[in-house]
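The values are calculated or read from the model by the stated rules, or taken from the named source; none is laboratory data. Treat the numbers as computed from the prediction; the structure is a model and nothing was measured. Using ideal geometry, Cβ is built from the backbone for each residue, glycine included, and neighbour counts are taken over all protein chains shown.
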Amino acid sequence: MPIINNHPTGEHPFSISLQSNDESTESGIAHRALAGNGNDDVLIEHMSSVLQEHHVSPDALRRHRELVDSLRIANLPPSRSLYPHNSTTQKGNFAEIFLAEYLDSTTESQLPIYRLRYNTNPEQSMKGDDVLLFDLDSDPVRIIVGESKFRGAPNKQAVIEIVDGLVQSNQAGLPVSLMFVAERLFQENKPELGVKVQECAVLFATNRLHIDYVGLLMGNHNARNPVNKHTPNRLHNLLMISLGMQNPETVVEQSFDRLEGDI
């Protein structure tokens with residue numbers, strides 16, 4: 001069974017802004033090579049929307065906007081932004097969120113929480129699994145663990161780091177962020193879903209849990225080459241995705257700039 005389905009079609013922003021090619025790395029690992037097709041404006045508009053969704057809840061955003069308006073009236077210093085200004089953090093978050101959204105659009109698995117909403121310091125990257133998606137209705141229950149990297153000039157080292165991170169997750173058994181996800185679901189008043197996620201630990205212990213691994217390398221137009229050449233064959237249920245763009249830094253910067261313009 002393939003780890004992901006076909007590339008989105010029709011009016012989906014990923015269909016409009018990205019071309020897709022399925023191939024294999026030199027080591028025999030499945031690789032979906034994505035590349036910008038010149039419609040960066042479509043991708044930026046879409047990613048700006050989902051960046052906001054991943055970073056802050058609608059209620060928290062409303063309260064923040066009310067606070068910002070109050071500070072303007074009182075002529076006080078502005079409050080701290082909800083989004084990172086640090087360029088490295090922006091790039092890392094963008095790649096992570098792109099991977100989560102791409103997997104959500106190409107699998108039956110779902111993202112139960114937006115983990116970046118719980119980051120106490122938005123200027124720093126958040127620890128734990130980059131991406132955890134769950135298909136709790138499949139038989140066996142399925143989890144997808146994702147690891148992402150942004151490199152303006154993608155290279156062998158980035159590919160090795162992605163695969164090393166996923167291998168470490170595999171060797172540890174259960175994803176390190178599993179209970180974090182379950183606890184956040186209980187806090188969000190979604191106890192039934194929280195229990196199902198929590199029960200994945202029991203399913204794992206009784207060999208009734210399927211875990212797949214997906215790595216994403218985002219960077220310039222050369223992103224596919226180091227993935228094809230340097231992906232080690234260390235996991236049998238691994239998929240690599242490359243996302244190559246002419247100006248990846250500009251896409252990230254403009255996507256976050258739109259967020260700040262909305263406040």
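Table for the structure above
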item	result
Residue within the stretch 227-234 that is in contact with a Ser or Thr (Cβ under 8 Å, 6 or more places away or on another chain), in a strand (DSSP E or B), modelled with pLDDT of 95 or more and on the phi < 0 side of the Ramachandran plot present	no
Selection count, the stretch 139-162, where residues are over 22 Å from VAL176 (Cβ atoms), of a type outside the set (D, E, K, R) and in a loop (DSSP other than H, G, I, E, B)	4
Pairs with Cβ under 9 Å, 6+ apart, first in the stretch 112-141 and farther than 21 Å from VAL167 by Cβ and among the hydroxyl-bearing types (Ser, Thr, Tyr), second modelled with pLDDT of 95 or more and in a strand (DSSP E or B)	SER138/HIS210
The stretch 146-169 residues that are touching a residue at least 24 places away in the same chain (Cβ under 8 Å) and under 14 Å from ALA223 (Cβ atoms), paired with ones that are in a strand (DSSP E or B) and among the basic types (Lys, Arg) (beta carbon under 6 Å, 6 or more apart)	ALA158/LYS149; ALA158/ARG151; ILE162/LYS149
The stretch 39-52: number of residues that are buried (at least 16 other Cβ atoms within 10 Å of the Cβ) and charged (D, E, K, R)	1
Considering residues of the stretch 180-198 that are charged (D, E, K, R), assigned to a helix (DSSP H, G or I) and within 21 Å of MET126 (Cβ to Cβ) only, the residue nearest to the chain's Cα centre (by Cα)	ARG184
Yes/no for GLU96 being within 26 Å of SER27 (Cβ to Cβ) and crowded, with 16+ Cβ neighbours inside 10 Å	yes
Qualifying residue in the stretch 89-99 (condition: modelled with pLDDT of 95 or more and outside any helix (DSSP H, G or I))	no
